[in-house]
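The values are calculated or read from the model by the stated rules, or taken from the named source; none is laboratory data. Here the structure is a predicted model, which is why all the values come from computation and not from measurement. So basically every Cβ, Gly included, is an ideal-geometry build from the backbone, and we count neighbours across all protein chains shown. The protein model used for the area step is the full one, side chains on, heavy atoms only, and it has no ligands, DNA or RNA in it. Shrake-Rupley method; radii C 1.70, N 1.55, O 1.52, S 1.80 Å.
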Amino acid sequence: MIMSSSPINILITDEPLDVTNCSQWVMAPESGGINVFIGTVRNATKGRTVLRLEFEAYQTMAMREMEKIAIAAFEQWPLQKVLIHHRTGVLQVGEIPVIIAVSAAHRDAAFTACRYIIDTLKQTVPIWKKEFFEDGEVWVAAHP
Amino acid sequence: MTITVLAFGVAKDIFNAPSIQLELVNDATVMSLKYTLEQQYPRLKQLSSYLIAINNEYALPEDYIHQRDEVAIIPPVSGG
């Protein structure tokens, strides 16, 4: 969902994410800096080779939770624009499951807000990741 | 009342379905829903934790569930 008039851009899609589009979207004349976090699929977890990941989202609730995080970031730091895009489906090593992009007049706010957004997303947004190994598959964090 | 519980991630594997129908007393709480679920699907007790969402919001144990609510089981999230 691209909301050009809104300073918040939230998307969950099964299409590949576009880093260039995301960083361009948050650009504003008042901005002194843009901070972009790009999550990528790593080839191993705790020494085990990961072949691919699969992401599943509770779409409607995940969109709402992502929007809440963006609003909370605006309430805490002087920001211009916030973008949170998350991909679903099967992703291969090196592909991009998440992009956070933040613009602000000064870099401190952009860095801090970007960190806050990805950390909070990982804690509250109903999206699940399954890791596929050579000898099996597991939903991450499901079991102690 | 009969409610539908949506399942995601590992919960979908435990239910072996993306959603299930459950019979609850009228105005049951989230706590009693979890108890009923765990009676029917004991593997839920092996999870690190799980929450219930009502109408796309995280619910508290004492919250009430109504007939037409959208109820979902939220196992530990792992996005990003």
* So how many residues does segment A:48-64 have that are part of a strand (DSSP E or B), out of contact with any Leu (no Cβ under 9 Å at 6 or more places or on another chain) and either more than 14 Å from chain B (Cβ to nearest Cβ) or of a type outside the set (A, V, I, L, M) (or both)? -> 4
* Would you tally the residues in segment A:41-71 being of a type in the set (A, V, I, L, M, F, W, C) and surrounded by fewer than 15 Cβ atoms within 10 Å (Cβ to Cβ)? => 3
* Structure fact -> Quick count over segment A:112-126, residues being surrounded by fewer than 16 Cβ atoms within 10 Å (Cβ to Cβ), more than 10 Å from the chain's Cα centre (by Cα) and under 21 Å from A:Val19 (Cα atoms), is 1
* To do: Only residues that are surrounded by 13 or more Cβ atoms within 10 Å (Cβ to Cβ) and acidic (Asp, Glu): list them for segment B:27-56, please.
  => B:Glu38
* Structure fact -> Filtering segment B:56-72 down to residues that are within 30 Å of A:Ala101 (Cα to Cα), more than 7 Å from chain A (Cβ to nearest Cβ) and under 12 Å from the mean Cα position of the chain (by Cα) yields B:Tyr58, B:Ala59
* Hey, any hits in segment B:14-26 for a residue that's modelled with pLDDT of 95 or more, touching a helix residue (DSSP H, G or I) at 6+ places or on another chain (Cβ under 6 Å), open to solvent by 70 Å² or more (accessible area, probe 1.4 Å) and not in a loop (DSSP other than H, G, I, E, B)? -> no
* Structure fact -> The correct count of residues that are in a helix (DSSP H, G or I) and more than 13 Å from chain B (Cβ to nearest Cβ) in segment A:65-115 is 14
* **Output for segment A:29-45, where each listed residue is part of a loop (DSSP other than H, G, I, E, B) and more than 14 Å from chain B (Cβ to nearest Cβ)** => A:Pro29, A:Glu30, A:Ser31, A:Gly32, A:Asn43
